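Colleague: One structure coming up, written as structure tokens, with questions to follow.
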Amino acid sequence: MNVKINFNDLSVIRGLAALYVVFNHARGHLFAGGNYLSSIKELDWFDKANLALLQLTSLGQEAVILFFVLSGFSIAHSLNRNGSVANFIKNRFIRIYPPYFFSLLFVIFLAQVFSNWDGSVNYLSSNNITKYLLYAKSDGSFTAQYWSLVYEVIFYLLAPLLLIRSRLFVFSMFFSIVFYSLSYFYGSGFITSKNIILSFFSDIFIYFMIGIYTYNNFSKLGKLKCKNKTYFYMICILLFMIILVMKKILAFDPKLTSLLVAVSSIFIIVNVNNLDVKSKGLIFLGEISYSLYLNHFVVIVFAENVLYYYFNVARNDMNSYYLWILIIPFCIMFSMVMWYLVERNCNVYLHKKRVAFRASPLNKI
């Protein structure tokens with residue numbers, strides 16, 4: 001593919017999706033008053049308006065689907081630029097594992113210091129440690145945010161095989177559609193199996209494949225480009241509202257809303273070259289998006305437990321609709337610290353490695 005792609009703006013989209021997940025989790029764990037609302041026989045217009053406004057944060061799962069599609073697109077580009085599978089796997093490991101490992105260390109430290117908060121879970125058991133190291137889903141409220149990482153890793157291992165030959169990609173695309181359809185008709189919910197491998201192929205695989213498809217057909221999909229930014233933003237808002245209505249009002253199966261997000265992601269990616277984001281804040285948000293995703297949840301759970309164990313305030317006791325927003329800056333600040341200490345150094349190392357590779361005489365032959 002000869003078209004130049006603006007990956008900086010693509011990173012901004014990933015950053016906004018990560019921030020949206022933070023809002024979704026913060027609202028869910030520090031939500032305004034179940035007890036307050038249940039005590040009211042009939043909600044007035046103020047309560048209804050605020051509850052409706054809060055629903056704008058309800059598409060956290062769908063934001064993760066956007067991550068998957070963007071990952072499929074980005075990994076296809078990475079493999080296209082670097083044909084060495086071993087080098088690709090090594091770079092991916094350096095890119096994702098150290099930030100995850102240090103995030104995990106902090107989670108375990110916090111869980112041990114405040115063991116009474118999640119006393120039923122032994123975070124240092126050999127079983128849980130093994131699961132952590134393999135990205136597998138483990139017990140405990142502090143590690144819930146890691147659920148999607150195992151699917152990313154499985155895709156990274158499969159991606160070099162999928163992109164070797166076009167026929168294999170076509171077969172894999174067909175395979176993912178068939179399994180996704182079967183899981184829709186014979187399963188229920190977003191993840192239809194507790195088995196990680198089965199759930200990957202039946203529920204998640206198709207999103208990565210859509211990302212690869214978008215990359216392989218980026219030039220052909222140019223007809224989806226908007227003439228200006230205003231049209232793009234308007235269409236994105238419209239798609240967001242349609243998906244929100246489908247999920248919260250019409251109660252569609254989450255697999256359908258997730259698939260609609262994945263298809264909508266094609267439109268977003270194709271238009272990314274037209275965005276030309278200048279905001280340093282948004283660009284930085286894109287840079288820390290992985291650290292933000294990894295580390296925000298523990299800050300939220302920490303705040304939730306502090307309120308409950310030290311102030312005897314549970315999420316249902318909160319009668320302010322927007323108190324939860326106060327935790328957002330702390331999530332961002334802690335993620336920035338973790339990014340600076342770990343992820344930034346990994347990225348600097350990989351950048352130097354890429355520069356050295358391009359400057360190598362052997363690479364110029």
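The values are calculated or read from the model by the stated rules, or taken from the named source; none is laboratory data. Please read these numbers as outputs of a predicted model, since none were measured by experiment. Methodologically, a virtual Cβ is constructed for each residue, glycine included, from the backbone with ideal geometry; neighbour enumeration extends over all protein chains shown.
Colleague: Of the residues TRP45, TRP117, TRP147, which is more than 29 Å from LEU10 (Cβ to Cβ) and without any contact (Cβ under 8 Å) to a residue 40 or more places away in the chain?
Modeller: Criteria check complete, one pass: TRP45.
Colleague: Looking at ASN80, ASN35, ASN6, which is the one that is among the polar types (S, T, N, Q), farther than 18 Å from TYR322 by Cα and touching an Asp or Glu at 6+ places or on another chain (Cβ under 9 Å)?
Modeller: Only one candidate passes the filter, namely ASN6.
Colleague: Quick one: GLU343 ticks every box in (1) exposed (fewer than 15 other Cβ atoms within 10 Å of the Cβ); (2) under 22 Å from ILE96 (Cα atoms); (3) of a type in the set (Asp, Glu) bar one, so which box is it?
Modeller: (1)
Colleague: Just wondering, is there one or more residues in the range 74-94 that are more than 30 Å from MET241 (Cβ to Cβ), charged (D, E, K, R) and surrounded by 17 or more Cβ atoms within 10 Å (Cβ to Cβ)?
Modeller: yes
Colleague: Quick one: in the range 28-58, of everything that is of a type in the set (A, V, I, L, M) and farther than 30 Å from ALA144 by Cβ, which residue is modelled with the highest pLDDT?
Modeller: For the range 28-58, the residue satisfying everything is ALA49.
Colleague: Taking the stated definitions as given, is PHE174 modelled with pLDDT under 90 and farther than 27 Å from LEU275 by Cβ?
Modeller: Working: modelled with pLDDT under 90: no; farther than 27 Å from LEU275 by Cβ: yes.
No.
Colleague: List, please: which pairs have Cβ atoms under 6 Å, are six or more places apart or on different chains, and start with a residue in the range 210-224 that is closer than 13 Å to SER74 by Cβ and touching a residue at least 24 places away in the same chain (Cβ under 8 Å) and end with one that is among the aromatic types (Phe, Trp, Tyr) and surrounded by 13 or more Cβ atoms within 10 Å (Cβ to Cβ)?
Modeller: Cβ pairs passing all conditions: GLY211/PHE73; THR214/PHE73; TYR215/PHE73.
Matching residues to (1) aliphatic (A, V, I, L, M); (2) free of Cβ contacts under 8 Å to residues at least 40 places away in the same chain; (3) touching a Pro at 6+ places or on another chain (Cβ under 9 Å):
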residue: PHE185; (1), (2), (3): no, yes, no
residue: ILE196; (1), (2), (3): yes, no, no
residue: ILE235; (1), (2), (3): yes, yes, no
residue: MET246; (1), (2), (3): yes, yes, no
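Colleague: Just a yes or no: is a residue in the range 12-26 of a type outside the set (A, V, I, L, M, F, W, C), without any contact (Cβ under 8 Å) to a residue 24 or more places away in the chain and in a helix (DSSP H, G or I)?
Modeller: Taking the range 12-26 and keeping what is of a type outside the set (A, V, I, L, M, F, W, C), we get 14-15, 20, 24-25.
Cutting the leftovers down to without any contact (Cβ under 8 Å) to a residue 24 or more places away in the chain gives us none.
The answer is no, given that none of the residues of the range 12-26 is of a type outside the set (A, V, I, L, M, F, W, C), without any contact (Cβ under 8 Å) to a residue 24 or more places away in the chain and in a helix (DSSP H, G or I).
Colleague: Could you please tell me which pairs satisfy a Cβ distance under 7 Å, a separation of 6+ or placement on different chains, a first residue in the range 265-293 that is without any contact (Cβ under 8 Å) to a residue 40 or more places away in the chain and at negative phi, and a second residue that is surrounded by fewer than 16 Cβ atoms within 10 Å (Cβ to Cβ) and part of a helix (DSSP H, G or I)?
Modeller: Cβ pairs passing all conditions: none.
Colleague: Tell me, yes or no, whether the range 312-334 has at least one residue that is touching a His at 6+ places or on another chain (Cβ under 8 Å), at pLDDT 95 or above, among the aromatic types (Phe, Trp, Tyr) and crowded, with 18+ Cβ neighbours inside 10 Å.
Modeller: Yes.
Colleague: Could you tell me which of the residues PHE175, PHE190, PHE218 is within 30 Å of SER84 (Cβ to Cβ) and within 23 Å of the chain's Cα centre (by Cα)? Working first, answer last.
Modeller: Working: PHE175 fails: within 23 Å of the chain's Cα centre (by Cα); PHE190 fails: within 30 Å of SER84 (Cβ to Cβ).
From the options PHE175, PHE190, PHE218, the qualifying one is PHE218.
Colleague: Which of the helices (runs of 4 or more DSSP H) contained wholly in the range 121-230 include at least 1 residues that are exposed (fewer than 14 other Cβ atoms within 10 Å of the Cβ)? Reasoning before the result, please.
Modeller: Numbers: elements: 126-133, 149-162, 166-186, 196-199, 205-216.
Here the list reads 126-133, 149-162, 166-186, 196-199.
Colleague: Would you check which residues across the range 266-324 are within 30 Å of SER39 (Cβ to Cβ) and among the polar types (S, T, N, Q) and list them?
Modeller: Once the filter is applied, which keeps residues that are within 30 Å of SER39 (Cβ to Cβ) and among the polar types (S, T, N, Q), the range 266-324 yields ASN305, ASN312, ASN316, ASN319, SER320.
Colleague: Here's another thing I want to ask about it. Does LEU70 count as surrounded by fewer than 20 Cβ atoms within 10 Å (Cβ to Cβ), at pLDDT 90 or above and either of a type in the set (A, V, I, L, M, F, W, C) or in contact with an Asp or Glu (Cβ under 8 Å, 6 or more places away or on another chain) (or both)?
Modeller: Answer is no for this residue.
Colleague: When residues of the range 234-267 are filtered for being farther than 11 Å from GLU62 by Cβ, part of a helix (DSSP H, G or I) and of a type in the set (Phe, Trp, Tyr), how many remain?
Modeller: So the count comes out to 1.
Colleague: Report yes if ASN305 is of a type outside the set (A, V, I, L, M, F, W, C), over 18 Å from VAL21 (Cβ atoms) and part of a helix (DSSP H, G or I), otherwise no.
Modeller: Against the criterion (of a type outside the set (A, V, I, L, M, F, W, C), over 18 Å from VAL21 (Cβ atoms) and part of a helix (DSSP H, G or I)), ASN305 qualifies.
Colleague: Name every residue in the range 110-120 that is at pLDDT below 75 and outside any helix (DSSP H, G or I), in order of residue number.
Modeller: GLY119, SER120
Colleague: Sticking with this one: Within the range 294-324, which residues are among the small types (Gly, Ala, Ser) and without any contact (Cβ under 8 Å) to a residue 12 or more places away in the chain?
Modeller: Within the range 294-324, just ALA314 meets the criteria.
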